[in-house]
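Each value in this text was obtained by applying a stated rule to the coordinates, not by laboratory testing. The structure presented is a predicted model; accordingly, all values stated were derived computationally and were not measured. Cβ placement follows ideal geometry from the backbone for every residue including glycine, while neighbour counts extend to all protein chains displayed.
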Amino acid sequence: MSPKDQVQFMDEALIENPSPEDRSGAWPSLMMITGLGFLTINSFMAVYRSNGDVGTISFVMFSYFNLVLLFYCLCQYERTPPESPRRGHIKMVVWLLTTLLTAAFSYKVAEIMPLPVQVLVWAMAGATVVSGFYAFFIHQEKTRLDPPKA
């Protein structure tokens, strides 16, 4: 596919899929509502089955509220115009929420593992956080409209 065909294909995709600004007043999708409902039911079941263990209840509630806030921020990010400085702030909050969630799950997994595997779990969590930061804030994808020069 030539670069000119790619640009035309991208233009057609934009026509078929309207930008997020066009859906600014739209309700959350059915898939998101279903996912949040499933998350809520499972969180309440986990709290109920924890037999009053404060650590487990704290972990479940932290994870639940973190995920709900993450969904909310992602919806706000999609609705914010690309040139808005608010978009950068929302991106920072999304990265922070995912970092906290990664640390919480890594802690729970590492808690039951032997020391060498704990080191591996935390190394993987660190790599995930650092690569997420790189992808969100350092790496800038350039849109090429001109064909590459030979």
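Structural remarks
- Most tightly packed first, judged by the mean number of other beta-carbon atoms within 10 Å of their residues, the peptides 108-116, 120-128 read 120-128, 108-116.
- For the range 28-138: rounded, prolate or oblate by the Cα gyration tensor [a/c cutoff 1.5]: oblate
- The string of couplings for the range 90-104 from the Karplus curve (6.51, -1.76, 1.60, θ = phi - 60°) is 5, 4, 5, 5, 4, 5, 5, 5, 5, 5, 4, 5, 4, 5, 5 Hz, one whole number per residue in order, with x for Gly and Pro.
- The stretch between residue 74 and residue 130 holds 18.2 nm of extra length on full extension. This uses 0.36 nm per residue minus the Cα-Cα distance.
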